[in-house]
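Below: one structure, written as structure tokens.
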Amino acid sequence: MSNKIYPVDADYAATTRVTRAQYEALYQESVTDPEGFWARTAQRIDWIKPFSQVKDVSFAADDLHIRWFADGELNVSANCLDRHLATRGDKTAIVFEGDDPADSRHISYRQLYEDVCRAANLLRNLGIRKGDRVAIYLPMIPEAAVAMLACARIGAVHSVVFGGFSPDSLAGRIADSQCKLVITADEGLRGGKKVALKANVDEALTRPGTTSVETVLVVRRTGAPIAMQTPRDRWWAGLVEEQSAECAPEPVNAEDPLFILYTSGSTGMPKGVLHTSGGYLTYVSYTHECVFDLREDDVYWCTADVGWVTGHSYVVYGPLANGATTVMFEGVPNWPDISRFWRVVDKHKVTIFYTAPTAIRALMREGEEPVRRTSRASIRLLGTVGEPINPEAWEWYHRVVGDGRCPIVDTWWQTETGGALITPLPGATDTKPGSATKPFFGVIPAIVDTNGVVQEGACEGNLILTDSWPGQMRTVYGDHKRFVDTYFRTYPGAYFTGDGARRDADGYYWITGRVDDVINVSGHRIGTAEVESALVSHPKVAEAAVVGCPHDIKGQGIYAYVTLKAGENGSDELRKELVHWVRKEIGPIASPDYLQWAPGLPKTRSGKIMRRILRKIAENATDQLGDTSTLADPGVVQNLVDQRLIRS
Ligand code: 6R9
């Protein structure tokens, strides 16, 4: 923790959209009169049919419902495109920066509009209707945004699956939401390496439950020879070219689904987080404008992949709804060299730069010179998201990347929240390195103790939200009970975030990380249950328990304890094989960093694995194991302590 305070920059205070006084007044209004506040704020988007109802919410588990602007109608893609044409038709909507630094292009709002209309017509011609689910498994190329917006244009529901996920992970997601169509590419390209996307789709579609898929549209990215299966597989390019560049936007209800995005939770397989249209768009466009203090001539770059929620809300929907110029980057921070981010900033004169702490820590390790050799003079604002940022990384980001001139917005939020909930506003909030600071308009955080009692003043505990905001998820796709059970049962009447937090005497929030069985690896959520189930599916594994452990770059690493079947031998070779197995089953981001052989796991007499103990061993905090006497076999602990893999 750091006690340093960075006061609001004088230039920002003078020119900002939201001053300190306005923040205080608007925040008060937003929580005392949410109906009035959000009814007015929702006017920022175009409604085909105006709403007369604003907020209709109950957080009671037996009557859970969340509805915003429920009788209004709109079209999300028209809000991101059509309404900008008159004034911003020639303005760049998307700056595409390819993996190869020689590969970049600008796409104007008019061009994007035409591309989306063509793609929307194509989807319609392929039989996709309002409410149908479409899986998008693409690299960070403009077609990903086009595909998302084309779905939105016809009222279809997209489910973007990160290109780093395995065929099995993709298959599980396709099966869960019964997608009718998959949009993919021949191959992806990241850091000079190829990713066999189409081959992964082929494999996924051999898995049970995926027969709902009628068509696979393939974008040509690398030109690699791939197998096309007729009549299922079709080339995107030839088909979109034949379509009309006009496509009337389908009016959808404010509460009609816009997208499903799978995210890891404490238990079981990833949940299909469902976001709807009117509230989501209002919230992401408004937060994007306020948090980044957006100006008409900004070049805004969020480095997230569209496979994550940050890519949905703050690469595509928020910026485009605001008529901003948004950069889409296909590559990675360290290729062709470790100055890549800053070279891209200089090349496109990026003014707002938004990335994850893990990237900052990885670049920090390489020293200042790779940053200093670039100008970065165009940057005026920096942002971070995805995991807690350690004050040291914050200071480095501020001093080296921002040359000490640029405010930093540390934005706390989740896939479930749709947009940023706890965040500074650059012209209104003094910042403290490591703190996400204060709640955004309409957001009412509270901190509870283990008994669920709300704490006052400076305190630490679990973070809950006591009222709704328009960008909140509405349900878990196909499993409303899971939605209620996961988020609304632990602390009745409130949404439980799964995060711990501290509030200081100034009312600033400091997120301390997940308090559930979710591991945050480089800002990506991995459920311990998913990794465990991948491990036990290996023929030689009897049992596995997975916990998070400290990791210098990734924030958290994955630490697995594995019990082998009788007669199997824990060799280095088998260890490598199991790590590779998990990689193949889920994807590279889920590869265990540490894998320890466990002759036995600490269990209660009822057979429940005591993860608390395993976490402490993985943290090398073996003096904090607590009471182990209630274990069925307390003797297993000593072996695990002796064999632990992290010792400093
Ligand atoms: C947007 C996104 C959500 C989890 C969340 C928390 C962590 C995100 C953070 C942060 C501290 C921040 N998290 N932003 N922790 N400070 N600024 O990342 O969504 O992938 O669903 O992850 O990430 O633990 O609960 P998602």
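None of the figures in this text is laboratory data; all of them are computed from the coordinates on show. What you see is a predicted model; the values in this text were computed from it and never measured. As a convention, Cβ positions derive from the backbone with ideal geometry for all residues, glycine included, and neighbour counts pool all protein chains shown.
Looking across SER435, SER375, one residue alone is in a loop (DSSP other than H, G, I, E, B) and either surrounded by fewer than 23 Cβ atoms within 10 Å (Cβ to Cβ) or away from the ligand (no atom under 16 Å from the Cβ) (or both). It is SER375. Listed by first and then second residue, the pairs with beta-carbon distance under 9 Å, at least 6 apart or on different chains, first residue in region 230-250 and of a type in the set (Asp, Glu), second part of a loop (DSSP other than H, G, I, E, B), are ASP233/ILE226; ASP233/ALA227; GLU250/ASN75; GLU250/LYS130; GLU250/GLY155; GLU250/ALA156.
Among the residues of region 473-513, those that are of a type in the set (D, E, K, R) and over 21 Å from VAL453 (Cβ atoms) comprise ARG474, ASP479, LYS481, ARG482, ASP485, ASP506. Does at least one position in region 556-569 carry a residue that is out of contact with any strand residue (DSSP E or B) (no Cβ under 9 Å at 6 or more places or on another chain) and under 30 Å from ARG365 (Cα atoms)? Within region 556-569, none of the residues are out of contact with any strand residue (DSSP E or B) (no Cβ under 9 Å at 6 or more places or on another chain) and under 30 Å from ARG365 (Cα atoms). Against the conditions (1) surrounded by 15 or more Cβ atoms within 10 Å (Cβ to Cβ); (2) of a type in the set (A, V, I, L, M); (3) part of a helix (DSSP H, G or I), ALA14 satisfies every one except (1).
Considering each residue of region 604-614 in turn, at least one proves to be in contact (Cβ under 8 Å) with a residue 24 or more places away in the chain and among the small types (Gly, Ala, Ser). Restricting attention to region 395-425 and to residues that are more than 10 Å from the ligand (Cβ to nearest atom) and of a type in the set (Val, Ile, Thr), the residue that is farthest from PHE259 (Cα to Cα) turns out to be VAL400.
Table: residues versus (1) surrounded by fewer than 12 Cβ atoms within 10 Å (Cβ to Cβ); (2) touching a Ser or Thr at 6+ places or on another chain (Cβ under 8 Å); (3) farther than 23 Å from HIS551 by Cβ.
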position	(1), (2), (3)
ILE613	no, yes, no
ASN620	no, yes, no
LEU625	no, no, no
THR628	no, no, yes
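The residues of region 530-548 that are more than 16 Å from PRO588 (Cβ to Cβ) and within 16 Å of the ligand (Cβ to nearest atom), listed by number, are VAL547, GLY548. Selection of region 276-313 for residues being within 12 Å of the ligand (Cβ to nearest atom) and under 30 Å from ASP132 (Cα atoms) yields VAL284, THR287, CYS302, ALA304, ASP305, GLY307, TRP308, VAL309, THR310, GLY311, HIS312, SER313. A search for C-beta distances below 8 Å between a residue of region 535-554 that is farther than 17 Å from LEU601 by Cβ and any residue that is in a loop (DSSP other than H, G, I, E, B) and small (Gly, Ala, Ser), counting only pairs 6+ apart in sequence or on different chains, returns ILE553/SER522; LYS554/SER522.
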